[in-house]
Amino acid sequence: WTEGLDNWTKAEYIPLLKEVLRSTPPPLPNTETKTTSQQIPPTPTPPVSNDKYFGYDLARRRERLFATLIEAIIIAVPILLLFGDDISDSDPYSLGSILGGGILSAILGAIFYPMWGGNLGHKIMGLKVISSQNGEVQSNAKTGAIREALKSVFSLVFIPVVWLLWDDNRQNLYDKVVNTYVVKKK
């Protein structure tokens, strides 16, 4: 832990320590050689970066919106082609529609997150989802399933989905629930 971090984080995820952990120390000095002074290297200054986001830039609000729209269109077209009339006659707020949308979103999240660290829209827009606690890319099927299912269900209430419009970290409520940021790929 250090100032600026909300929680404990592995040293390998701290940009300043990452290089120190990778370096190999020189061999131990010969005990016959005596030195009178030890020169201590200066403390390196941390790189100027947005450490709160683990060296990533947050995705812009419009990038997230376009990613959501692209994904919705790509997924909706085949569903409408397969089930056209059945879907147009159903109530989008029925329990079956809500559960069906949540389950489909969870399945797609479980498939896409391990491959791309985000959903189909994120992949197309050059975005990915990281943990807001340690900066790790969210490539876990379970995390992807939960995040995408929450997004699907929360979108019915609308406000949790547009929360990022006034949130300083550009998080929607489902991002806050699962502790994630959407960032630009490096």
For this session: Would you please put 20-28, 107-115 in order of how densely packed they are, using the mean number of other Cβ atoms within 10 angstrom per residue and starting with the highest?
Result: 107-115, 20-28
For this session: Could you sort 59-67, 176-184 so that the peptide with the highest average Cβ count within 10 Å comes first and the rest follow in order?
Result: 176-184, 59-67
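Semi-axes of the equivalent ellipsoid of region 117-186: what are they in whole Å, largest first, if each equals the square root of 5 times a C-alpha gyration tensor eigenvalue?
On the way: eigenvalues 63, 37, 29 Å².
Value: 18, 14, 12 Å, ordered largest first.
Provide the FRET efficiency to the nearest 0.05 for the GLN133-ASN30 pair, computing r from the beta carbons and using R0 = 41 Å.
Numbers: r = 45 Å, r/R0 = 1.11.
It comes to 0.35.
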For this session: Pull up the cross-link candidates among the lysines for LYS123, meaning alpha carbon to alpha carbon under 16 Å and not fewer than 8 places away within one chain.
Result: LYS184, LYS185, LYS186
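Read-outs: derived from the displayed coordinates by stated rules, not from any lab. Keep in mind the model is a prediction, meaning the values are calculated, not measured. Note that we place each Cβ from the backbone using ideal geometry, even for glycine, and neighbour counts take in every protein chain shown.
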